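The numbers here are math on the coordinates, done by the rules we state, and not lab data. Here the structure is a predicted model, which means the values were calculated and not measured. Positions of Cβ are backbone-derived with ideal geometry, glycine not excepted, and every protein chain shown enters the neighbour counts.
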Amino acid sequence: MTAALSARALAKRYGSTTALAGVDLEVGEGELVGLLGPNGAGKSTLVKIACGLVRPTSGRAEICGAKAGSLDARRRIGYLAELFRFPGWYSADELLTLHQRLAGSSGGAAERTELLELVGLIEARERRVEAMSKGMQQRLGIAQALIGAPPLLLLDEPTSALDPVGRRTVRLLLEELRRRGTSVLLNSHLLSEIELVCDRVVILLRGEVVSEGSPAELSKPRGIEIETDEGTRTYEGGREDVPRLVDELVRAGRQVYGVRVLTSTLEDTYLEAVGGETT
C-alpha cells in the first residue's frame, strides 16, 4: 500500500546550516501522525518540502507515490499554515468558493455544504471571516484544506490560541477525518493534544528523528504504586508484575486498597529526547 507521505534520507541545507539531516518518515493511509520538536528542529522545513514550497538538498519525498512538488503531488494535499490569513470581507461560503476555483474542484455548493457541516460552520456560512472567532476561523481553515478531498492533510499548529473547548472541537474533527481515511501530519507544540489524538509520534531534533512510535510505545514504566493498610509504596516492575506483588502482600497479611501502574507521559519522553532544547 502506497504511503500518503514518504520521506527517505531527506536532507536540506541552507548554506552552512543543516535543517534536515537525512530524515526517514512515513504517514500511512488514514494515519494521524504528530510531529514534535523544538524551534529549529526542521519541522517546518519538512512540511514545506512535502508541500513543494522547498526543494530538498538530497533524498526524496513522495505524496501518494508522486514526487513532492509535482502537480500530481500538490493535487493530493491539503494545507493549513499556522499563521494563515483569509480576507476578512469574505463569507465562509465565498472563501470556500474561491479555494474551489484555486484547487480546480468541481464540487460546487454540495462540497461546500458538506465541508461546512463537517467543521460545524453550516449555520455561519454567510458570516464574514472578520466576524468569526479564532476557533471558527481555524475550523474554516481546515475546511478549505479539505477542498477536493485530498488524501493527505498537513496541519501546522491547528489548535494554537484556542481555548479548551475549541481544542476539543478540532480534536474531534481530526478523529472524524481519520475515520474517513484521511491521512494527517500534525505539527504541534501541545503535547497533550498529540498524545490524545495521534496514532504515532515523530520527534525531531536538529534535523534528525530522535524518537518515533505510538504514544503507548513511547511511554515507559515507572513502577507500581500500591496502597495498603501500611500506607502507599512504589514497587519496581510493570503491569505484568501486579498480580504477583498483590499476592505477596495479601499473603503477608496486608490489606490492599488500590493499585496504580505508573508510566511516563509523552511530555517526559519528549523532554528526555530533546534535553534542554527549547520549543
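Which angle between 0 and 90 degrees, to the nearest 10, do you get for helix 242-251 versus the longest principal axis of the chain when only C-alpha atoms count?
20 degrees
When a/c is below 1.5 the answer is rounded, else prolate if a/b is larger than b/c, else oblate, so apply that to segment 221-263 with a ≥ b ≥ c taken from the square roots of the Cα gyration tensor eigenvalues.
Since a/c reaches 1.5 but b/c is at least a/b, the shape of segment 221-263 is classed as oblate.
Please list the non-local residues whose amide H lies under 5 Å from the amide H of Ser211, H modeled 1.01 Å from N, same-chain partners needing a gap of 5 or more.
For Ser211, the qualifying residues are Ile203.
With springs only between Cα atoms under 10 Å, which of Gly37, Gly108, Gly148 fluctuates most in a Gaussian network model of the chain?
Gly108
Listed highest first by mean packing, meaning other Cβ atoms within 10 Å per residue, what order do 68-76, 46-54 come in?
By packing density, highest mean first, the sequence is 46-54, 68-76.
Based on DSSP H runs of at least 4 residues, each adding -39500 (n - 2.57), what is the mean residue ellipticity at 222 nm of the chain after dividing by all its residues, to the nearest 500 deg cm²/dmol?
Mean residue ellipticity, 222 nm, calculated: -9500 deg cm²/dmol.
Could you tell me which label, among (i) 32.5, 109; (ii) 22.5, 75; (iii) 18.9, 59, carries the value of Rg and Dmax of the Cα atoms in Å calculated for this structure?
After the calculation, the listed value that fits is (ii).
Stretched out fully, how many nm does the piece from Asp247 to Arg60 gain, at 0.36 nm a residue minus the Cα gap?
61.8 nm
Which of rounded, prolate, oblate describes segment 186-279, given a ≥ b ≥ c as roots of the alpha-carbon gyration tensor eigenvalues and a/c under 1.5 marking rounded, otherwise prolate only if a/b is larger than b/c?
prolate
Highest mean first, how do 230-243, 2-15 rank when packing is the count of other Cβ atoms within 10 Å averaged over residues?
2-15, 230-243
Which far-off residues, 5 or more places away or on another chain, put their amide H under 5 Å from the one on Arg222, with H placed in the peptide plane?
Sorted by chain and number, the residues that satisfy this are Leu262, Thr263, Ser264.
Helix 92-103 against the longest principal axis of the chain: what's the angle in degrees, Cα atoms only, rounded to the nearest 10?
80 degrees
Quick one: what are the phi-derived ³J(HN,Hα) couplings along segment 56-68, Karplus 6.51/-1.76/1.60 with θ = phi - 60°, whole Hz, x for glycine and proline?
3J(HN,Hα) across segment 56-68, in whole Hz: x, 6, 7, x, 8, 10, 10, 10, 6, x, 9, 4, 4.
Give the residue list of GluC sites (Glu not before Pro) in segment 93-184 that are DSSP loop and have at most 12 other beta-carbon atoms within 10 angstrom.
Counting only loop positions with at most 12 other Cβ atoms within 10 Å, the GluC sites (Glu not before Pro) in segment 93-184 are Glu126.
For segment 26-34, what does the Karplus curve 6.51 cos²θ - 1.76 cosθ + 1.60, with θ = phi - 60°, yield as ³J(HN,Hα) per residue in whole Hz, taken in order and with x for Gly and Pro?
Couplings: 9, 10, x, 4, x, 9, 10, 10, x Hz.
For the chain, modelled as a Gaussian network with Cα springs under 10 Å, which listed residue fluctuates most, Arg222, Arg254, Arg206?
It is Arg254.
Would you mind telling me which residue in Leu98, Leu173, Leu152 has the biggest mean-square fluctuation in a Gaussian network model of the chain, where springs connect alpha carbons within a distance under 10 angstrom?
Maximum fluctuation in the GNM of the chain, among the listed residues, is at Leu98.
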